[in-house]
Structure formats: structure tokens, C-alpha cells
Amino acid sequence: MGRPMPGPGEVLWTDEDRAWALALAEVERDCCPDCGQPWSEVVDPKNEFSYEAELLRCHACATGARESHRYQRAGGDDRGIHVSITKRG
């Protein structure tokens, strides 16, 4: 990720590259897929009330959800629909 392409006879992945990639894989393996917090912490019963949550509205996603809902209410079939969101210029 940023290292120049190796020249002739040079390896693509150094031992350090492999070590970093394996370390990242280990960190990612220990993450909740929804909140990104470490599984080893979030599944421990003693941590049940250790977290706070804040609701935030993504205005881009909200716009897409409103458009999708409008489409459904008008009788549109939403199977396979993807919403493309662009910021007004």
C-alpha cells in the first residue's frame, strides 16, 4: 500500500508486509461487523452497560431512503434497486 512496485528479482511482499497484513487480519477478525468494536470486549457480559450510543442522521442516506420509499408507495418494485446519491452543486 504505497510501496513502489518491486524491481526484477525483488519480492512483492516482504516479511514486514506479511506481518502487517496478518496483524490487520487478526484485528479485523476480532471486530463486530456492525459497530466495529472488538468482539473480545463486546461479548463479555461485564461490558453490557459499558457503551453509549449516539443517533446521527446521514442526510444523504435519508434522502435516498425517502426516494426509495416514494418509489415503493407509487407501486414501484424495489427488488434490485440501488440508490445513487449525489450532492447538489
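Relative to the globular-protein estimate of 2.2 N^0.38 Å, the Cα radius of gyration of segment 1-43 stands at 1.66.
Across the chain, the longest piece that holds none of the trypsin sites (Lys or Arg not before Pro) lying in DSSP loops with up to 11 other C-beta atoms within 10 Å covers 1-56. Apolar share of the accessible surface for segment 23-89: 53 percent from carbon plus sulfur atoms, 1.4 Å probe. Among the GluC sites (Glu not before Pro) found in segment 12-54, those both in a DSSP coil and sparsely packed, with 12 or fewer other Cβ atoms within 10 Å of their Cβ, are E48, E52, E54.
For the chain, the fraction of C-alpha pairs farther apart than 20 angstrom is 68 percent.
When Rg and the Kirkwood radius Rh are both evaluated on Cα atoms of segment 44-89, their ratio Rg/Rh stands at 1.25.
Helix 59-73 and the long axis of the chain differ in direction by around 50°, with both axes built from C-alpha atoms.
Placing unit charges on the Cβ atoms only, positive for Lys and Arg and negative for Asp and Glu, gives segment 30-80 a dipole magnitude near 480 debye about its Cα centre. Each of the chymotrypsin sites (Phe, Trp or Tyr not before Pro) that DSSP puts in a loop and that has at most 16 other Cβ atoms within 10 Å breaks the chain; the longest unbroken stretch is 52-89.
The values are calculated or read from the model by the stated rules, or taken from the named source; none is laboratory data. In this text the structure is predicted, and so the values were computed from the model without any measurement. As a convention, Cβ positions derive from the backbone with ideal geometry for all residues, glycine included, and neighbour counts pool all protein chains shown. In case anyone asks, the SASA skips ligands and DNA or RNA and just uses the protein heavy atoms, side chains included. Shrake-Rupley method; radii C 1.70, N 1.55, O 1.52, S 1.80 Å.
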